[in-house]
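Scroll down for the structure; my scribbles are underneath it.
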Amino acid sequence: MSRIADVLVVGSGMAGFMAALTAASRGKKVRMLTTGMGSLAISGGTIDLLGYVDGRYAADPWAGVALLPASHPYRLMGEETVREALHFFQQHMADQHWPMRTATNADGQPCNVHMPTIMGTLKPTYLLPERVNVSALTSARRVLVASVEGLRDCRPALIISQLRRYRSWADREFSELTMPSPLGEAHRSASALDLARLMDKPRSRQWLTDALAARAGSCDLVLLPPVCGSKAQPETWQAIEKAAGCPVVEMLSIPPGVGGLRLRDALLRALRGYDFEMVENARALRAETDGDSCTALIAEASGQERRHEARTFVLATGGILGGGLALQPGMVRENVMGLDVAAPANVEQWSSPELFGRHFFAEMGVRVDNAMRPTDSQASVHWPNVFFAGRSLGGYDYATEKSGHGVAVATGWQAGRMAAAAAEEGR
Ligand SMILES: Cc1cc2nc3c(=O)[nH]c(=O)nc-3n(C[C@H](O)[C@H](O)[C@H](O)COP(=O)(O)OP(=O)(O)OC[C@H]3O[C@@H](n4cnc5c(N)ncnc54)[C@H](O)[C@@H]3O)c2cc1C
């Protein structure tokens, strides 16, 4: 790769990967700088598009998009662009043998699905791994809820009692199973990722396949914590379903995010065929600009600063959690370009007294135009060759809306293609 990248992406969360994949698939030289894995390491492997609007459940997320405020990233891009982005993502996941699909309602229209979690709650989400059998989820009568001894926070009895509170699950016949841990006494507090890694090796699967073969025969559905392999490899899940003799659905879990890591695995594989370079443990510190153009980012790695030149830049550095935004009393700042993010000077106004109300801190972030270029309070573009994506953007609250990876996929795609086009123009 020549010293100057066409597109320099900062951040390796969902938004950064989408921007990189989009630009690279358009023939651009892409370099990614990142300090960590971002929220893919802690999130589930499903794509939330839009679960709630103003606290109301959106069974049809596309109908919900039309009700969002004009400043929401989906509305800035437009619904058609969001659809194109999801389509691009699905195509690449399918190419990597990890297809992601939507469920459909009685009229054949795509809709949200309520996925069970290991807390026994139901969470709306939109794109699911194809192996998730949605019709078994909605109609199975006899459900086996299984866990593993020593697995943190996954108790079948609690899950069953919680699920029974939902009308759609109340009348089902539940049974529970806690399997002995294959990790032995040494791992009293195993995570789903420890077990999923073990399952990657065919010879280490017997403890689970034997236990399910013995107990699942009379069931229509098995609910498991996410242990069907740590990679985007459908064979592992397939082998477990074969042994169970019925559909096996993984419940969404607390971190570490086995499902998110599978998506990461598939995205990294998708990037292998392109002119793509990833520089890990490199923290972007600041930008060099020339007039209204950004020319380079200075990044620190192993105690040394290095200059990374590029034609265009995509900042996908996440929010407060990811490291993209820094808070000081009465002030919010975007960390790399040094943008001031509009915020009330009175910190008390950053949150609402109502726990489930609208909180400013949850929606704070960089404001952009429809090409994802940062704008000032007069809506003028700061730098025409700098683009933002994902949770670093303002105008939405992914946690209450359930729109996290959906916004990251959509805005990452938009920023990636806009950066690719700007790099082409700048040649
Ligand atoms: C526990 C949890 C579970 C979730 N589960 C789901 C789910 O199942 N489905 C869903 O749709 N959404 C989920 N979400 C929401 C979703 O993960 C995020 O909204 C979304 O993916 C954000 O992606 P991002 O790429 O914008 O940011 P992040 O994932 O935060 O990535 C930011 C990246 O930027 C890097 N970075 C930051 N600053 C710098 C710097 N200066 N230099 C270099 N690199 C830098 C970070 O290391 C990181 O790689 C979940 C969120 C949480 C917290």
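Every read-out reported here was derived from the displayed coordinates using simple, explicitly stated rules and does not represent laboratory data. Source: prediction; values computed, not measured. Please note: Cβ atoms are built from the backbone with ideal geometry, for glycine as well, and neighbour counts cover all protein chains shown.
Brief remarks follow.
- Relative exposure of 115, 331, judged by other C-beta atoms within 10 Å (fewest first): 331, 115
- Across all directions, the average projected area of the convex hull around the alpha carbons of segment 109-155 is 4.2 nm².
- Choice from 345, 266, 63 showing the highest fluctuation, given a GNM over the chain with Cα pairs closer than 10 Å: 345
- Hydrodynamic radius (Kirkwood) for the chain, which is based on Cα pairs only, to one decimal in Å: 22.5 Å
- In a DSSP loop and with at most 14 other Cβ atoms within 10 Å, the GluC sites (Glu not before Pro) in segment 178-262 are 185.
- For the chain, the longest principal axis of the Cα atoms and the long axis of helix 234-244 meet at an angle of about 20 degrees.
- Degrees, to the nearest 10: 206-215 long Cα axis against longest axis of the chain: 50 degrees
- Descending semi-axes in Å of segment 267-395, equivalent ellipsoid built from Cα gyration tensor: 28, 17, 15
- Charge dipole (the chain, unit charges on Cβ, about Cα centre) - positive-most of 33, 234, 259: 234
- In segment 80-147, trypsin sites (Lys or Arg not before Pro) in a DSSP loop with at most 12 other beta-carbon atoms within 10 Å: 141
- 0 to 90° range, to nearest 10: angle between helix 14-25 axis and the chain longest Cα axis: 70 degrees
- Selected from 311, 56, 197 as most flexible by GNM, with the chain as the system and alpha-carbon contacts under 10 Å: 56
- Gain upon complete extension [residue 333, residue 3; 0.36 nm per residue less C-alpha separation]: 115.8 nm
- Across all Cα atoms of segment 32-92, the radius of gyration (one decimal) and Dmax (whole number) stand at 13.9, 38 Å.
- When the alpha carbon gyration tensor of segment 51-127 is reduced to an equivalent ellipsoid, its three semi-axes come out at 21, 20, 12 angstrom, largest first.
- For the chain, a Gaussian network of Cα nodes joined below 10 Å ranks 270, 170, 296 by mean-square fluctuation, and the top entry is 170.
- Spin-label model distance (nm) - residue 280 vs residue 376, 7 Å beyond Cα toward Cβ: 4.1 nm
- Alpha-carbon centroids, segment 383-408 and segment 303-381: separation in whole Å: 10 Å
- With contacts taken as Cα pairs under 8 Å at a separation of at least 6 residues, segment 141-246 carries a relative contact order of 34 percent.
- With a simple spin-label model that places each label point 7 Å from the Cα along the Cα-to-Cβ direction, the separation between residue 67 and residue 356 comes to 1.5 nm.
- Karplus-based coupling profile of segment 263-270, in residue order and whole Hz: 4, 4, 4, 5, 5, 5, 5, 4, with θ = phi - 60° in 6.51 cos²θ - 1.76 cosθ + 1.60 and x standing for Gly or Pro.
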